[in-house]
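The values are calculated or read from the model by the stated rules, or taken from the named source; none is laboratory data. Given the structure is predicted, the values throughout are model-derived calculations rather than measurements. Backbone-built Cβ (ideal geometry, glycine too); neighbour counts: all protein chains shown.
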Amino acid sequence: MTWTVVPNLNEARDQLDKRFPGRDTRSDGSIGDTAHQGYPSSHNPDRTGRPEYRDGDNVDEVRARDFDADLNDPDGVTMEQVVQLWVTLARSGVLWWVRYIIFNGRIWHRRYDFTTRTYTGSNRHTTHCHVNSDFTQAADTVRGTDWRLDQLGAPVPVPPRPAPGPAVAFPLPTGHYFGPRERGNRSVSGYYRRRFRGRTDRQWLAAWTRQLVRRGWPAGKGRRYLRKAGADGLYGPEYRDLISAFQTDQGLKRDGLLGRKTWDAAYRNPVT
């Protein structure tokens, strides 16, 4: 059994080394020491880091890296600036696989939209910045990451979120929703070639997905959501996860079912 760090975090290290060739690396770290092995930690490989997650191969991934806070930059760029850059990019969805960042007694977590919170762990991470990648196979395979270090010293451009665009009315009858095929007539799954307002059920579900993609959501084959099947319009676990995540983003009831409120939110509401 061997272990490796997920590629996107190794790319962060390499780009820091290139941008700050004189930086101190004594506080850099990846795989956890003996103390980490006594409890679940993303510094541990899969077997002890997240026991319920397996890739099914012979390599265990470590999904965290620490980066020494001392950049020794002649222009005065600090790790605080690096952290704020990465937090901004994570919040905007550019670094969508970042789960959280810890530095100098503070944590920025996706759960709280990467707002600043006090970190209550025993290690305040004052000598280094901790970056945690997501516990998903999609996050594990990300390569070619640009951590945008060339933007330091200038305002960080945040990719604009597209406007909602023309609203499309919810196509199903009152009381119906897109959901599992085993839930009866009101649950429209895409498996039975039902037609509503001139389109099939599969076409409508795929159209709603395209609206999310147009507004910046990473959905489709090889992406964070609908990674395996893509936007095929057939409701299943991947669609449930996408709908649930969007409902969380919108502050809606998180049931994984695409009803009128969730449909309308994609066309009318601000999204993050």
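Looking at the stretch 229-257, which of the residues that are surrounded by 15 or more Cβ atoms within 10 Å (Cβ to Cβ) and among the hydroxyl-bearing types (S, T, Y) is farthest from A90 (Cα to Cα)?
Looking at the filtered set, the residue picked out is Y235.
Mind listing whichever residues of the stretch 101-135 are within 27 Å of K221 (Cα to Cα) and crowded, with 16+ Cβ neighbours inside 10 Å?
The answer is H109, R110, F114, V131, N132, S133, D134, F135.
Show the residue pairs meeting these rules: Cβ distance below 7 Å; 6+ apart or different chains; first residue within the stretch 209-232 and over 14 Å from T141 (Cα atoms) and in contact (Cβ under 8 Å) with a residue 60 or more places away in the chain; second residue among the small types (G, A, S) and in a loop (DSSP other than H, G, I, E, B).
Cβ pairs passing all conditions: G216/G93.
Among the residues of the stretch 203-229, how many are over 18 Å from G165 (Cβ atoms), within 17 Å of the chain's Cα centre (by Cα) and either among the charged types (D, E, K, R) or in a loop (DSSP other than H, G, I, E, B) (or both)?
Here the count works out to 9.
Can you confirm whether L226 is closer than 17 Å to A169 by Cβ and either surrounded by 17 or more Cβ atoms within 10 Å (Cβ to Cβ) or among the polar types (S, T, N, Q) (or both)?
no
State yes or no: is R47 assigned by TED's automatic domain parsing to the domain that holds H128, surrounded by fewer than 21 Cβ atoms within 10 Å (Cβ to Cβ), at pLDDT below 55 and touching a strand residue (DSSP E or B) at 6+ places or on another chain (Cβ under 7 Å)?
The answer is yes for R47.
From I107, I101, which residue is part of a strand (DSSP E or B) and in contact (Cβ under 8 Å) with a residue 24 or more places away in the chain?
Testing whether each residue is part of a strand (DSSP E or B) and in contact (Cβ under 8 Å) with a residue 24 or more places away in the chain leaves just I101.
Give the residues of the stretch 85-100 that are among the β-branched types (V, I, T) and crowded, with 22+ Cβ neighbours inside 10 Å, sorted by residue number.
V98 - this is the single residue of the stretch 85-100 that is among the β-branched types (V, I, T) and crowded, with 22+ Cβ neighbours inside 10 Å.
Of everything in the stretch 259-268, what is closer than 14 Å to W217 by Cβ and either touching a strand residue (DSSP E or B) at 6+ places or on another chain (Cβ under 8 Å) or surrounded by fewer than 15 Cβ atoms within 10 Å (Cβ to Cβ) (or both)? Give them in sequence order.
Result: no residue meets the conditions.
Is it true that K261 is assigned to a loop (DSSP other than H, G, I, E, B) and basic (K, R)?
Spelling it out, it is not the case that K261 is assigned to a loop (DSSP other than H, G, I, E, B) and basic (K, R).
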